[in-house]
Amino acid sequence: MKAVITVIGKDNVGILHKVSGICAEYHANVIEVTQSVLQDMFAMIMLVDISDINADFSQIVDKMNALGDKLGLSIHTMHEDIFNSMHNI
Amino acid sequence: MLNVYDILETIRMIQDECLDIRTITMGISLLDCIDPDIDKACEKVYSKITSKAKNLVSVGEQIEKEYGIPIIHKRISVTPIAMLVAACKGSDPVKFALTLQKAADACGVNFIGGYSALVQKGFSAGDLELINSIPEALSVTSNLCSSINIGSSKAGINMDAVKLMGEIVKKSAEVTADRQCIGPAKLVVFCNAPEDNPFMAGAFHGVGEPDCVINVGVSGPGVVRAALVKYPDASIDEIADIIKKTAFKITRMGQLVGSRASKMLDVPFGIVDLSLAPTPAVGDSVAHILEAIGLECCGTHGTTAALALLNDAVKKGGVMASSHVGGLSGAFIPVSEDAGMIDAAMNGTLHIEKLEAMTAVCSVGLDMIVVPGDITAATISAIIADEAAIGMVNNKTTAVRLIPAIGKKEGDILEFGGLLGSGPVMSINTKSPAQFINRGGRIPAPMHSIKN
């Protein structure tokens, strides 16, 4: 089971560190990261394995949302199934 | 394999284009709650609904979080209550209405539907009692929805019921005149009502359905519009393809959410209703899709053709995305619930006659239309009869949800709030159809009903 975390917003020090810190806290293994900074806009998509997480997935979602609110970033944490079912036949 | 473009597209659809699941509706059969003692029946109804649907809202919220997709409403539909009323002669059906409201409150759902009767061929025990109690039932409850099926392609149109429903719609508005006439906004008069519809106010749990079932209604007019505005010079064939592809994606999401909910609740998954259901929010309008196809304003000439194209493409795109499609499936055209329709009605482009033509090619019918408060019951009945005739002859579901604005006249506005929106009072033809309506009887089913 995997989840996709997207982070979009104004670039700042330590965004990747804070997001991956939450992943580590819940035992979600980061599999893949794509990241780009255009001028001062930061955009990152992270694929994480949530098979062995140590809490409910919704807790990670809450934590990421709280981080997004705190840093003024748009963070979406979604189960990969939604992308697979919408875009693949 | 996931790719970045797909991920960002999904997020944009949800965040900027109002993509959502409109409703997860749990259908619950109440046939095993029938009892000659109405108090005992009510007790059974309350305990069955609250045991079956106790986790509906929490499961809905959990799925919202997991997939990051908003699920706007969680609803319940039940067996047409007239069937329960039939067993308890001489009792007041409003007791059932209050019980359903209490059960809806206990489960935390947004709407509960099924204060209904199916009278397309005539009234059986319980039907008249239930219909006559509708104005009071809708006045003393807030989340209860009612629907009456007065015609079908197989049975014809029950004109006695049509006459009665004109009076009931008017009375429902009168008894809720102090609350923006909200009563008839929760009352639908159907021809060819589907038994598995998750959308309100017309949802009820048909007798051919399983004991308990999950049906899902999708939404997404904003997504279709956003996809179309990128192609101002595309041909109509290309427009149809774009709509189909978008409808496919929207429906796949409905299928995913429905099957997940069904698994978590341990209840069979019924159908996905592939509907484009607008909300009054900016960017979530079916009228704006028609305008993106190339009309200056919804309601002008060409609207019916554009809507026919849209309705058909939505079905074609959606049908492959879901294992079972049902309900109303198509494009809804409620006036008060659609920002573009409201504007078109206010600026005088959209009239009730054009809406009637549009209902021949849309998913349902004349929906959420505010009419002058001095409209006669006979005129409401005649509008119902016209709409039922379109449904009967064209083998499609049609419905009427008119709101007589008591004490208001053309140009005034009723404000319902929430998903029901607000609507300007629209003008109607005032010549009398009373003699036609007063004749009573039944319009025979059309020739093509004899298919056996």
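Worth pointing out:
- Of the trypsin sites (Lys or Arg not before Pro) found in the range B:43-127, the ones in coil according to DSSP and having at most 15 other Cβ atoms within 10 Å of their Cβ are B:K54, B:K89.
- Considering only B:N347, B:A155, B:A201, the residue lying farthest towards the positive end of the dipole of the protein assembly as shown is B:A155, judged by Cα position with unit charges set on Cβ.
- Occluded residues from the range B:232-259, i.e. those whose accessible area drops by 10 Å² or more once the chain is not alone (1.4 Å probe): B:F248, B:K249, B:R252, B:M253, B:L256
- With the simple model of a label 7 Å out from the Cα in the direction of the Cβ, A:H27 to B:M320 spans 4.2 nm.
- Approximating the spin labels as points 7 Å out from Cα along Cα→Cβ, the A:S58-to-A:D40 distance works out to 3.8 nm.
- 3J(HN,Hα) couplings calculated from phi for the range B:358-373 with the Karplus curve 6.51 cos²θ - 1.76 cosθ + 1.60 (θ = phi - 60°) are, in sequence order, 5, 5, 6, 10, 9, 7, 10, x, 6, 10, 6, 10, 8, 10, x, x Hz; Gly and Pro show x.
- With protein chains left intact and a 1.4 Å probe, residues in the range B:19-191 average 31 Å² of accessible area per residue.
- Chain B: relative contact order as a whole-number percent, Cα under 8 Å and 6+ apart: 17
- Antiparallel DSSP beta bridges within the range B:25-172, as percent of all bridges there, nearest 5: 15
- Options B:A399, B:T251, B:G418, ranked by Cα towards positive dipole end of the range B:212-440, top entry (Cβ charges): B:T251
- Only one residue of B:I333, B:V140, B:S58 has its Cα farthest out toward the positive end of the dipole of the protein assembly as shown, where Lys and Arg carry +1 and Asp and Glu -1 on Cβ, and that residue is B:V140.
- Accessible area buried, both sides summed, chains B and A with 1.4 Å probe, Å²: 2200
- Only Lys, Arg (+1) and Asp, Glu (-1) charged, at Cβ; the range B:184-317 dipole about Cα centre in debye: 340
- Share antiparallel - DSSP beta bridges, chain B, percent rounded to 5: 35
- Accessible-area composition of the protein assembly as shown, carbon plus sulfur, in percent [1.4 Å probe]: 53
- Per-residue mean of foreign Cβ neighbours for A:57-66 is 2 (Cβ atoms of other chains, 10 Å radius).
- Interchain or long-range residues, amide H under 5 Å from B:L414's placed H: B:G423, B:V425
- Taking all pairs of distinct alpha-carbon atoms in the range B:211-270, Kirkwood radius in angstrom: 13.1
- Ranking of B:E387, B:E410 by solvent-accessible surface, largest first: B:E410, B:E387 (1.4 Å probe, protein heavy atoms only, all chains present).
- Label point at A:N12 placed 7 Å out along Cα→Cβ; residues across the range A:43-64 whose backbone nitrogen lies under 14 Å: A:43, A:64
- Extension gain, B:L8 to B:E415: 0.36 nm times the residue separation minus the Cα-Cα distance gives 142.9 nm.
- Peptides A:40-50, B:154-164, B:192-202, B:30-40 ordered by average Cβ neighbours within 10 Å, highest first: B:192-202, B:154-164, A:40-50, B:30-40
- Beta bridge orientation in the protein assembly as shown: antiparallel %, DSSP, nearest 5: 55
- Note, ³J(HN,Hα) from phi for the range B:176-189, Karplus 6.51, -1.76, 1.60, rounded to Hz, x at Gly and Pro: 10, 4, 6, 10, 6, 6, 5, x, x, 5, 10, 10, 10, 10
- The mean count of C-beta atoms from other chains within 10 Å of the C-beta of residues in B:3-10, rounded to a whole number, is 5.
- Percent RCO, i.e. relative contact order, over the range B:231-390, from Cα pairs under 8 Å lying at least 6 residues apart: 27
- For B:A155, residues with placed amide H under 5 Å, excluding near neighbours: none
- Built amide H within the under 5 Å cut-off of B:A405, gap 5+: B:V371, B:G373
- Residues in the range B:60-81 that, when all protein chains are in place, have 30 Å² or more less accessible area than the chain alone would give (probe 1.4 Å): B:K65, B:E66, B:Y67
- Candidates per trypsin sites (Lys or Arg not before Pro) in the range B:395-452, loop by DSSP, up to 12 other Cβ within 10 Å: B:K409, B:K431, B:R439, B:K451
- Applying the Karplus relation 6.51 cos²θ - 1.76 cosθ + 1.60 with θ = phi - 60° to the range B:385-401 yields 3J(HN,Hα) values of 5, 4, 5, 5, 5, 4, x, 4, 6, 9, 6, 10, 6, 10, 7, 10, 10 Hz, where x marks Gly and Pro.
- In this label model, B:K230 and B:K54 are separated by 4.7 nm, measuring between points 7 Å along each Cα→Cβ vector.
- The residues of the range B:282-392 expose, per residue, 30 Å² of accessible area to a 1.4 Å probe.
The values are calculated or read from the model by the stated rules, or taken from the named source; none is laboratory data. None of the values given here were measured: they were computed from a predicted structure. A quick note on method: Cβ atoms are made from the backbone with ideal geometry, for glycine too, and the neighbour counts reach across all protein chains shown. Surface areas here come from the heavy atoms of the whole protein model, side chains and all, with no ligands, DNA or RNA. Shrake-Rupley method; radii C 1.70, N 1.55, O 1.52, S 1.80 Å.
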